[in-house]
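Participant: Quick one: the structure is below, questions incoming.
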Amino acid sequence: MAAQISTETKKEALKVAKSIQKPTQTKEQTKLIAQGIEKGIAEYKKQQKSKARAIDKHKKQKIKEKSTIDNTADIVNESTKKQLISAYVPWGLLVLSWIAFAGYIHLAK
């Protein structure tokens with residue numbers, strides 16, 4: 001599949017080829033030089049598009065990784081809170097039962 005070269009690129013290539021044209025150079029040679037310049041410009045544009053896609057893909061991947069890390073941190077925080085609550089509940093019940101027992105003994109006297 002041949003890449004389509006825009007007319008703007010062709011004009012730009014011909015302009016560059018004419019600017020570097022030697023006095024003894026024929027029109028056919030100038031056209032061949034212009035075609036080479038066109039191919040060079042097309043290849044350069046293709047590389048730039050590829051680089052832009054790679055950079056965009058890398059940015060999206062970083063955003064996705066950051067989102068995953070944030071979600072993991074939230075899950076860890078929730079888990080830690082549940083562990084703290086489950087650690088304090090037995091102690092709280094023990095203290096509450098001792099207070100109730102002391103109150104019962106005090107009222108029974």
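Participant: Along the positive direction of the dipole of the chain (beta-carbon charges: Lys, Arg +1; Asp, Glu -1; about the Cα centre), which of Ser19, Thr7, Ala100 reaches farthest?
Facilitator: Sorting the options by dipole projection puts first Ser19.
Participant: Under a 1.4 Å probe, what is the accessible area of the chain per residue, stated in Å²?
Facilitator: Per residue, the chain has 93 Å² of solvent-accessible surface.
Participant: In debye to the nearest 20, how big a dipole does the chain give about its Cα centre with +1 on each Lys and Arg Cβ and -1 on each Asp and Glu Cβ?
Facilitator: Rounded to the nearest 20 debye, it is 760 debye.
Participant: Measure nothing but the geometry: give the 0 to 90° angle between the long axis through the Cα atoms of 27-108 and the longest principal axis through the Cα atoms of the chain, rounded to 10°.
Facilitator: Result, in degrees: 0.
Participant: Sticking with this one: When the helices in the chain are scored as -39500 (n - 2.57) per DSSP H run of 4 or longer and the sum is shared across all residues, what 222 nm value do you end up with, to the nearest 500 deg cm²/dmol?
Facilitator: Using -39500 (n - 2.57) per qualifying helix, the result is -32500 deg cm²/dmol.
Participant: Could you tell me how many degrees, from 0 to 90 and to the nearest 10, lie between the Cα long axis of helix 7-19 and the main elongation axis, the longest principal axis, of the Cα atoms of the chain?
Facilitator: Taking the Cα atoms of the chain, the angle to 7-19 is about 50 degrees.
Participant: Continuing with this model, one more query. So how compact is the chain: Cα radius of gyration and Dmax in angstrom?
Facilitator: 38.2, 126
Participant: What percentage of the solvent-accessible surface of the chain, computed with a 1.4 Å probe over protein heavy atoms, is contributed by carbon and sulfur atoms?
Facilitator: Its accessible area is 63 percent carbon and sulfur atoms.
Participant: So, with +1 on the Cβ of K and R and -1 on the Cβ of D and E, and no other charges, what is the size of the charge dipole of the stretch 1-40 about its Cα centre, to the nearest 20 debye?
Facilitator: 140
Participant: Between Asp70 and Gln4, what length comes free when the chain is fully extended (0.36 nm per residue of separation minus the Cα-Cα distance, one decimal in nm)?
Facilitator: Result: 19.3 nm gained on full extension.
The values are calculated or read from the model by the stated rules, or taken from the named source; none is laboratory data. None of the values given here were measured: they were computed from a predicted structure. For neighbour counting, all protein chains shown are included, and Cβ atoms are generated from backbone atoms with ideal geometry for every residue, glycine included. Remember, those area values only see protein heavy atoms, side chains included, never the ligands or the DNA or RNA. Shrake-Rupley method; radii C 1.70, N 1.55, O 1.52, S 1.80 Å.
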